[in-house]
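Below you'll find the structure, written out as structure tokens, and then a few comments.
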């Protein structure tokens, strides 16, 4: 039976732990220069409605490392760009490839694609979720802390798709997610209720200092995501007091780590001084996109095979 990864609700705690453990092993293999072509002869279709740096490069390099092949597909080069229905593209592509990664504007399109595809579908980003980013982030924190239970992550700024994935992941990691966002930019309360019903811990405040006061990790993302450009001036005004700078970082416990999923608009949601400072682990996050997604690809395409 095929398995999709559209959100953290698609995996359980054991699967998450296994993926992270495999990702760490794959990272060591790559660092040692040891071949690990676990997906030789397999193909991944990558559909990109939105521009990408880390998602595209990490998935493409990941498939190459694993001995497989990745195809970059722009909707304008596909019949999707000429009006073909999502379900028709999904059913056709599934006859050619072993898995599909899709980066889309609308989460509903990702869900429809998965519903009609007979091969695994991975959400590379949608307006509602960005689970691959948070998967890499969980790997990064596991490398730092080991056990993540009872860690507190303070999300500061727009309650966007990455924030949503952190909320849903809380039931699997045991972490507490405290979101500091102004009214109008807070995550959907129904999502928080869903996470709590599954055993997760997430809450929303408006004061960023309250959120970071006992936090082990401070996390932020750009305030103006792709598709929100017309709201730029309004967003900058509403979020102007939610910058992670040295003043806010000083309100957190000593040694608190700072994360950003990139791309960053330095001087808006985060200052250059903090991003380049000793508490930033931004580049570890970026690197781990590669390793975490390789582990995910192996599991989705080849199943629960041992990583050497």
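What follows is calculated from the coordinates using simple rules that are stated; it is not laboratory data. A quick note: this is a predicted structure, and the numbers were derived from the prediction, not measured. We place every Cβ from the backbone using ideal geometry, glycine too, and count neighbours over all the protein chains shown.
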Checklist entry - Helix 131-145 sits at what angle to the longest principal axis of the chain, using alpha carbons and giving 0 to 90 degrees rounded to 10? => result 60 degrees
Item to check | Between helix 107-116 and the chain: long-axis angle, C-alpha atoms, 0 to 90°, nearest 10 | outcome: 30 degrees
Checklist entry - Could you work out the helix-only [θ] at 222 nm for the chain, with each DSSP H run of four or more residues adding -39,500 (n - 2.57) and the total divided by the number of residues, to the nearest 500 deg cm²/dmol? => result -12500 deg cm²/dmol
Next on the checklist: At a 10 Å Cβ-Cβ cut-off, how would you order 224, 205, fewest neighbours first?
Outcome noted: 205, 224
Checklist entry - Mind checking Rg over Rh on the chain, alpha carbons, Kirkwood formula for Rh? => result 0.96
Next on the checklist: At 7 Å along Cα-to-Cβ for each site, give me the label-to-label distance between residue 31 and residue 15 in nm.
Outcome noted: 2.8 nm
Next on the checklist: Based on alpha-carbon centroids, what's the gap between region 197-213 and region 53-92 in Å, whole number please?
Outcome noted: 36 Å
Checklist entry - With axes computed from alpha carbons, what is the tilt in degrees of helix 161-173 against the longest principal axis of the chain, rounded to the nearest 10 within 0 to 90? => result 90 degrees
Checklist entry - Say we join alpha carbon atoms closer than 10 Å with springs in a Gaussian network model of the chain; which of 234, 13, 111 then has the biggest fluctuation? => result 234
Next on the checklist: Quick check on the exposure proxy: order 242, 105 from fewest to most C-beta atoms within 10 angstrom.
Outcome noted: 105, 242
Checklist entry - What is region 132-285's relative contact order, in percent, from Cα pairs under 8 angstrom and six or more apart in sequence? => result 23 percent
Item to check | Within a Gaussian network of the chain (alpha carbon springs, distance under 10 Å), most fluctuating of 44, 172, 191 | outcome: 191
Checklist outcome for this item: For region 132-285, the Debye formula with one identical point scatterer on each Cα and no solvent gives log10 I(q)/I(0) at q = 0.20, 0.21 Å⁻¹ as -1.33, -1.48
Item to check | Dimensions (Å) - region 19-80, Cα atoms, principal axes, largest first | outcome: 40, 23, 19
Checklist outcome for this item: Going from the fewest other Cβ atoms within 10 Å to the most, one would list 25, 299, 149 as 149, 25, 299
Checklist entry - What residue among 21, 197, 32 has the largest mean-square fluctuation in a Gaussian network model of the chain, using Cα springs under 10 Å? => result 32
